[in-house]
Each structure stands twice: as C-alpha cells, then as structure tokens.
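The values are calculated or read from the model by the stated rules, or taken from the named source; none is laboratory data. In this text the structure is predicted, and so the values were computed from the model without any measurement. Here Cβ is always computed from backbone atoms with ideal geometry, including for glycine, and neighbour counts include all displayed protein chains. SASA here: full protein model, heavy atoms, side chains in, ligands and nucleic acids out. Shrake-Rupley method; radii C 1.70, N 1.55, O 1.52, S 1.80 Å.
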Amino acid sequence: LARGLISLGKDCLVVISQSLPEKFKFLDTASIFKGLDSWAPPPDILEYAGLILDTNDRMNLGAFSDAILPRLKEFRFIDHHQAPEGEKPQGWIDTQAAATAEMVLDILGELGCKIEPDMASALLTGIIYDTGSFVYSKTGARCFDSAKRLVEHGASPTAIHRELNESSSTAALLLMKAAVSSMELSKDSRIASMVLTKEAFIGLGARYEDAEGIINIPLSAKDVQVSILIKEGGEGALRCSLRSKGGINVASIAQHFGGGGHAAAAGFKHKGSIAEAKETLLALTSLVLDGGSIPKPARLARDKTPIKGEKST
C-alpha cells in the first residue's frame, strides 16, 4: 500500500511497533519498514493521516497506540477481522475478505497504481499466510482471483513457499521439538495443548518468531479439533494462540481474555501464570466442545478516551 501511495506522489511512512522479524525481511526489498524503537517521527507528523492495516483494535498496536496515534491528523483502519464487541472502528472493515492483502490489492486497483513484482510478491505472501496456503474457511473465488492477478504481476508462489516454509533456523527446528515434547492431549484427544517457556527460547537461542507455525502441528491428527500454544515472552506476558479445524469458534475464547481473531484462528495476551492460563483455556475450550457458550467476561479495561480520528463511544 505504501509503495502504491508513494508512486502517486504521497509522502508515506511505514512504521511497525517492533522491528521486522528476520523471517519476513524478504518482503521489504525497498527497505521502507521502520521499527518504532529505532524511528523518530518527522517534525510534521501532525499533518499525517494514518492507515492501520490488519487490525481494527487499538489495543493490538503496542507502543504505537500511545506514541503515534494521538499525534496524527486522523487515522482509519483497513482490516478483515471482526471488530471487538461494542466497537465501531472507522475505516474499511471487510470480514468476508480472506486477507487484508486482498483489500489492499483492490485499493491499488482503484487508485490505478502499477503493481511491481515485489509488491505482488508481498501481497501474495499476505494471502498465502492468512489463508493457511488456501485452506482456511474464508478461502474462495475472490481469494484465488486475487492470487491469479498477483502471479500475473510477477509474484512467485514457489519463492514465497520457500521463504515461509523452508528458511527456518536450526533453533526453530529445536523449538518445534520442545513444543511437541510438552504436548498434552485432553478431552478424548480433541484438545492438544503445548507450552514454550522463556527458558526454552533462551536455552535454544531461538527468537520469538521462530515459534510461528508450531501451533498447527497437532491439527494434523484426526482426533484433535483444537490446538493451544502458550508462549512465555521476554516482556513477562504470555501469548496464547488457538487454532481449530472449523466448527469450533476459538475467537470467542480469545475474546473472553480481551483478544480476538477468526473463528478458526485467534489469540490473546495473558498476565497470569502458565498454569493458570492453561487451566482456564482447557476449561473454556472443553465448554465450547460440549456445545456451551463462553461466559461474558467482566468489562475489560479499555482506554475509551477518544483521540483524533476516532469518535467518542
């Protein structure tokens, strides 16, 4: 999106809360990504409008939410996730899209932007990643049509597959071994839960992003319907991820903890202990598997102070 806007003569900055993970640096051939920890806003930041992609919840933006959003002239979301209950984010929210990359492709088309091969590669990567290589429930004709157009613009599915699935470090392989070793099955093997501690990451010399994809491993078993992965990050908070084969809405579980996502793929952050998170997650997942409804949580502490670009609610 930034490349398209720049081609139209716009001053455009690309800022993410943390540095770009090594695994995804192949996407940024033009070196336009800036990590918030190593970037200083321009003096005229108050004249900038913000476009926030692939989330519609300020609480997912990390330090960016407090450091940058209040200083922008205005901002809008471009996203395909369901909005948090009670929230009405401003922007374009298309929950039928399989990936935000699909939406960006549409925007570039409407703007008449030329799509260079590396731009096409980045967009196709977004679609492949968000559809689990074209298998998740939202995968449909629109998704395949977008992929076809991007291949015609020079994207290589083979090269993208190699970068996403065949370029991991040895530490990532050992981290996968540690996660599988921690696996426990419950509820007649319908739930698989795994844990990765901070010590595991440090001991193996693994990076946090090396855990990407591990959560999908248990779903290869016929009986497993839901996979849970609890990761202990260096900042103290736990990151809990959930995946299901469909029919089980794991987003409802994540929303109970203030997180969110899709029905088959969701996650949240948790400040309690690993044991507490695991116990609660297994109880709620079992409840959903039995056809029960997740109880409404107490209203989570959300910053409801309106800032520029957002209406008061």
Quickly run through the range 172-198 and pick out the residues that are surrounded by 19 or more Cβ atoms within 10 Å (Cβ to Cβ) and either among the basic types (Lys, Arg) or in contact (Cβ under 8 Å) with a residue 60 or more places away in the chain (or both).
Ile191, Ser193, Val195
Confirm whether Glu85 is touching a strand residue (DSSP E or B) at 6+ places or on another chain (Cβ under 6 Å), surrounded by fewer than 15 Cβ atoms within 10 Å (Cβ to Cβ), over 30 Å from Ile160 (Cα atoms) and not basic (Lys, Arg).
no
Working only within the range 69-114, note down all residues that are closer than 20 Å to Val14 by Cβ, out of contact with any Gly (no Cβ under 7 Å at 6 or more places or on another chain) and part of a loop (DSSP other than H, G, I, E, B).
Lys73, His80, Lys114
Tell me, which strands (runs of 3 or more DSSP E) wholly within the range 1-53 include 1 or more residues that are of a type in the set (Lys, Arg)?
33-35
Would you mind finding the one in Leu175, Leu185 that is part of a helix (DSSP H, G or I) and in contact with a strand residue (DSSP E or B) (Cβ under 9 Å, 6 or more places away or on another chain)?
Leu175
Flag for Ala155 being in a loop (DSSP other than H, G, I, E, B) and either touching a helix residue (DSSP H, G or I) at 6+ places or on another chain (Cβ under 7 Å) or farther than 17 Å from Glu232 by Cβ (or both)
yes
Looking at Arg76, Arg71, Arg3, can you tell me which residue is among the basic types (Lys, Arg), in contact with a Leu (Cβ under 8 Å, 6 or more places away or on another chain), at pLDDT 85 or above and within 25 Å of Leu105 (Cα to Cα)?
Arg76
Only one of Ser227, Ser244 that is at pLDDT 95 or above, open to solvent by less than 30 Å² (accessible area, probe 1.4 Å), hydroxyl-bearing (Ser, Thr, Tyr) and under 21 Å from the mean Cα position of the chain (by Cα)
Ser227
Considering the range 275-299 alone, what residues qualify as being at pLDDT below 85 and within 19 Å of Asn249 (Cβ to Cβ)?
Ser293, Ile294, Pro295, Lys296, Pro297
Some residue of the range 117-140 being open to solvent by 70 Å² or more (accessible area, probe 1.4 Å), in contact with a helix residue (DSSP H, G or I) (Cβ under 9 Å, 6 or more places away or on another chain) and modelled with pLDDT of 95 or more
no
Tell me yes or no: at least one residue of the range 199-212 is open to solvent by 40 Å² or more (accessible area, probe 1.4 Å), within 20 Å of Tyr136 (Cβ to Cβ) and modelled with pLDDT of 95 or more.
no
So, of the residues in the range 7-56 that are open to solvent by less than 70 Å² (accessible area, probe 1.4 Å) and among the hydroxyl-bearing types (Ser, Thr, Tyr), which turns out to be farthest from Thr95 (Cα to Cα)?
Tyr48
Report, by residue number, each residue of the range 90-107 that is surrounded by 20 or more Cβ atoms within 10 Å (Cβ to Cβ) and either closer than 19 Å to Arg3 by Cα or at pLDDT below 90 (or both).
Ala99, Thr100, Ala101, Glu102, Met103, Val104, Leu105
Condition met for Ile274 (more than 21 Å from Leu164 (Cβ to Cβ), touching a residue at least 40 places away in the same chain (Cβ under 8 Å) and open to solvent by less than 30 Å² (accessible area, probe 1.4 Å))
no
Failed criterion for Glu74 (all others in (1) farther than 26 Å from Arg239 by Cα; (2) open to solvent by 20 Å² or more (accessible area, probe 1.4 Å); (3) touching a Ser or Thr at 6+ places or on another chain (Cβ under 9 Å); (4) among the acidic types (Asp, Glu) hold):
(3)
